[in-house]
1. Tell me whether segment 67-90 contains one or more residues that are at positive phi and in contact (Cβ under 8 Å) with a residue 12 or more places away in the chain.
2. What do you reckon, is F85 under 18 Å from the mean Cα position of the chain (by Cα), part of a helix (DSSP H, G or I) and aromatic (F, W, Y)?
3. Name the pairs: first residue in segment 132-149 and hydrophobic (A, V, I, L, M, F, W, C), second residue open to solvent by 50 Å² or more (accessible area, probe 1.4 Å), Cβ to Cβ under 8 Å, at least 6 apart or on different chains?
4. If you scan segment 63-93, which residues turn out to be farther than 11 Å from A141 by Cβ, among the small types (G, A, S) and buried (at least 21 other Cβ atoms within 10 Å of the Cβ)?
5. Can you find even one residue in segment 94-110 that is open to solvent by 70 Å² or more (accessible area, probe 1.4 Å), at pLDDT 90 or above, under 18 Å from S23 (Cβ atoms) and not charged (D, E, K, R)?
6. Can you pull out every residue in segment 114-136 that is at pLDDT 90 or above and either of a type in the set (F, W, Y) or outside any helix (DSSP H, G or I) (or both)?
7. Considering only residues that are open to solvent by less than 80 Å² (accessible area, probe 1.4 Å) and either within 21 Å of G157 (Cα to Cα) or not in a helix (DSSP H, G or I) (or both), which ones fall in segment 29-55?
8. Looking only at segment 137-156, decide whether some residue is open to solvent by less than 20 Å² (accessible area, probe 1.4 Å), hydrophobic (A, V, I, L, M, F, W, C), outside any helix (DSSP H, G or I) and touching a His at 6+ places or on another chain (Cβ under 9 Å).
Amino acid sequence: EMRYYVPDVIYLGQQHLELALVSGLAAIAVAIPLGVLFSRPTMQRYAEYCMQFLNIGATIPTLALLAMSMAFLGIGFIPSVFGLFVITLLPVARNTYVGLQAVPGFMHETARGMGMSEKQKLFRVELPNAMSVIFAGIRTAFALNIGTVPIAYLIGGGGLGELVFMGIRLDDTPMMLAGALATASIAVLIDISLGALSVLCIPKGIRLSTANH
């Protein structure tokens with residue numbers, strides 16, 4: 001029965017969550033500034049080429065990407081985090097870029113008319129209005145990330161993939177289901193948490209405006 005694997009689920013679930021959070025937060029810390037950079041007028045002509053480069057994480061099969069990470073960084077936590085980091089970059093960077101591009105022109109003009117500098121305009125006007133799109137990218141990225149973490153077991157990363165793959169190898173369905181259901185539960189909990197965080201971060205007026213549209 002699956003209850004037999006509860007201690008393993010708790011222990012490996014912590015590893016799973018650590019892999020997802022470290023790689024996901026690192027990707028967010030890099031991808032949002034990249035999306036902002038690509039949205040600047042001087043960089044817009046190169047933006048799509050840069051996005052195609054970031055798309056490498058989606059183009060290369062996940063296992064091949066993790067294998068290449070292992071070839072350069074060895075096995076264990078660090079190569080697993082790096083591979084997951086690469087996979088997670090694109091949705092956040094693209095949504096940041098798209099969200100900033102979608103800010104209406106009159107808002108830019110109003111901000112300039114109020115005497116705001118480019119930096120003030122970015123933080124007070126553009127990012128708050130793009131935040132709902134950015135959070136959608138973050139939620140997509142974490143769903144992809146958490147669903148990919150089990151494969152990191154194959155390069156020594158740990159996580160719930162150990163239960164999934166060992167269950168398949170041993171033809172132990174309860175073991176496999178314990179790992180799979182725990183992975184799905186983590187994905188749901190992270191998504192709910194990000195949804196709640198978006199409510200706190202996005203100004204109420206902007207949320208209402210987005211809902212009306």
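1. Of the residues in segment 67-90, the ones at positive phi are 74, 76.
The next check asks that each one be in contact (Cβ under 8 Å) with a residue 12 or more places away in the chain; those that pass are 76.
Looking for residues that are at positive phi and in contact (Cβ under 8 Å) with a residue 12 or more places away in the chain, one finds at least one in segment 67-90, hence yes.
2. Values: under 18 Å from the mean Cα position of the chain (by Cα): yes; part of a helix (DSSP H, G or I): yes; aromatic (F, W, Y): yes.
Yes; evaluated as a whole, the condition is true for this residue.
3. If the second residue must be open to solvent by 50 Å² or more (accessible area, probe 1.4 Å), the pairs left are V133/V98; V133/A102; F135/L197; F135/C201; F142/D191; A143/D191.
4. Just the residues of segment 63-93 that are farther than 11 Å from A141 by Cβ, to begin with: 63-83, 86.
Add one more test, that the residue is among the small types (G, A, S), and what stays is 64, 67, 69, 71, 74, 76, 80, 83.
Those that are farther than 11 Å from A141 by Cβ, among the small types (G, A, S) and buried (at least 21 other Cβ atoms within 10 Å of the Cβ): S69, S80, G83.
5. No, segment 94-110 has no match at all.
6. F135
7. Scanning segment 29-55 gives R40, M43, N55.
8. Step one: of segment 137-156, the residues open to solvent by less than 20 Å² (accessible area, probe 1.4 Å) are 137-138, 141-142, 145-146, 148-150, 152, 155.
If we keep only those that are hydrophobic (A, V, I, L, M, F, W, C) as well, we get 138, 141-142, 146, 149, 152, 155.
Checking the rest, the ones that are also outside any helix (DSSP H, G or I) come to none.
The answer is no; no qualifying residue exists.
The values are calculated or read from the model by the stated rules, or taken from the named source; none is laboratory data. Just so you know, these numbers come straight off a predicted model, no measurement behind them. Please note: Cβ atoms are built from the backbone with ideal geometry, for glycine as well, and neighbour counts cover all protein chains shown. Each accessible area value is taken on the protein alone, full model and side chains, heavy atoms only, with ligands, DNA and RNA left out. Shrake-Rupley method; radii C 1.70, N 1.55, O 1.52, S 1.80 Å.
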